[in-house]
Amino acid sequence: MNDKLTIKETAKLLNVSIDTLRRWDKSNKLKAARNQNGRIYYNKTEIDGFLMAINRLKLARKWLLKSAPAILPDLFYCRDSYVFQGRMSRLENQLSLKPALKDFFSLITAVAGEIGNNSFDHNFGNWPDTPGIFFSYDLAKGEIILADRGQGVLQTLRKVRPGLIDDTAALRVAFLEILSGRSPESRGNGLKFVLSIVTKYPLRLFFQSGEAQVKLSTRNKKLKIKPARQKIKGCLAIINF
């Protein structure tokens, strides 16, 4: 297959007009390339990446729901915490350049970092199938997505609270109860930090583990845990700012 697409082919593939592609080129949302004659073309690999980026939440959910998950694109996959920390540093640097976020950009990365690190810390050596996390962000949209196919909050907290009966009870403990700081009882304390930040600053959080989900923001400070439409493996977090 030709790895170079005409503007017409690209418009059809993305289901947008040619005029829209020209606007995206001017605004740098999706830059076109030009050959020696000045004719516009697009690299198929870049278009594939763009398609995945604009559908990244759909991709994350599909990855979580599959019994045997497909391999994630490297663009969205952090196999270990070293890769994740490197991408978090890049995210924090990009956020710091946005004037509107100057007073709390570090808190955005702290929340995302806490959730991502929880995935690695709580599943270390015990990943059910696929190690690592899905991690993607869109600065223009103000959105960060993290997901893992780990044990989930319930199985993690049952190691120190064996009486927990379901995902709803587990989320309540994780977000509200203070657990011992001694290892391994420190599991779950990070989500209380996340709650304290999200309900104080202009952030929104959707968090799901197993069959339970919660939404938090400055307008939605009370922890209201609801049944999820579909059960997922591990956890899914969507941070909006």
Item to check | In Å², nearest 10: area of Tyr201 left accessible to a 1.4 Å probe | outcome: 80 Å²
Checklist outcome for this item: Placing each pseudo-label 7 Å from Cα in the direction of the beta carbon, Glu9 and Ile178 end up separated by a distance in nanometres of 6.3 nm
Item to check | List Met52, Met88, ordered by accessible area with a 1.4 Å probe, largest first | outcome: Met52, Met88
Checklist entry - What Rg and what Dmax come out for region 90-160 when only alpha-carbon atoms are used, in angstroms? => result 14.5, 44
Checklist entry - What's the FRET efficiency of Gln85 with Thr20 using the Cβ-Cβ distance as r and R₀ = 35 Å, to the nearest 0.05? => result 0.45
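As a test of the formula, what do you get for the chain when each DSSP H run with n ≥ 4 contributes -39,500 (n - 2.57) and the sum is divided by the residue count, at 222 nm and rounded to the nearest 500 deg cm²/dmol?
That calculation yields -12500 deg cm²/dmol at 222 nm.
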Checklist entry - For region 9-56, what number results from the quotient of the Cα radius of gyration and 2.2 N^0.38 Å? => result 1.11
Next on the checklist: Considering only protein heavy atoms and a probe of 1.4 Å, how much of the accessible area of the chain is carbon and sulfur, as a whole percent?
Outcome noted: 50 percent
Item to check | Cα-Cα P(r), region 66-126, percent of pairs per 5 Å interval | outcome: 4, 15, 22, 21, 18, 11, 6, 3, 1
Item to check | Residue order for Val83, Val198 - accessible surface, 1.4 angstrom probe, largest first | outcome: Val83, Val198
Item to check | Loop trypsin sites (Lys or Arg not before Pro), region 196-241, which have at most 10 other Cβ atoms in a 10 Å radius of their Cβ (DSSP) | outcome: Arg219, Lys222, Lys224, Arg229
Checklist entry - Once you have the alpha carbon radius of gyration of region 116-155, what is it after dividing by 2.2 N^0.38 Å, with N set to its residue count? => result 1.31
Checklist outcome for this item: Rounded to one decimal in nm, the spacing of the 7 Å Cα→Cβ label points at Lys44 and Glu92 is 4.0 nm
Next on the checklist: Cut-off 10 angstrom, C-alpha nodes, Gaussian network model of the chain. Which of Asn220, Asn55, Asn15 fluctuates the most?
Outcome noted: Asn15
Checklist entry - So what are the ³J(HN,Hα) numbers for region 122-133, from phi and the Karplus equation (6.51, -1.76, 1.60; θ = phi - 60°), rounded to whole Hz, Gly and Pro as x? => result 7, 10, 4, x, 9, 5, x, 9, 9, x, x, 9
Checklist entry - Tally Lys/Arg at +1 and Asp/Glu at -1 over every other residue whose Cβ is under 15 Å from the Cβ of Ile232; what's the total? => result +4
Next on the checklist: I'd like to check one number: the per residue accessible area of the chain, probe 1.4 Å, reported in Å² as a whole number.
Outcome noted: 57 Å²
Checklist outcome for this item: Using the Kirkwood formula on alpha carbons, the hydrodynamic radius of region 1-143 in angstrom works out to 17.6 Å
Checklist outcome for this item: Expressed in angstrom and rounded, the centroid-to-centroid distance over alpha carbons for region 202-241 and region 59-92 is 19 Å
Checklist entry - With no solvent and one point on each alpha carbon, what is the Debye value of log10 I(q)/I(0) for the chain at q = 0.07, 0.18 Å⁻¹? => result -0.28, -1.37
Checklist outcome for this item: Taking Cα atoms only, Rg over Rh for region 193-236 with Rh from the Kirkwood formula is 1.00
Item to check | trypsin sites (Lys or Arg not before Pro) within region 1-85: DSSP coil, no more than 15 neighbouring Cβ in 10 Å | outcome: Lys29, Lys31, Arg39, Lys66, Arg79
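The values are calculated or read from the model by the stated rules, or taken from the named source; none is laboratory data. Just so it is clear, the model here is predicted, and its values are computed rather than measured. Neighbour counts are summed over all protein chains in view; Cβ atoms, including those assigned to glycine, are modelled from backbone coordinates with ideal geometry. Note: accessible area is taken over every heavy atom of the protein model, side chains too, but ligands, DNA and RNA are not part of it. Shrake-Rupley method; radii C 1.70, N 1.55, O 1.52, S 1.80 Å.
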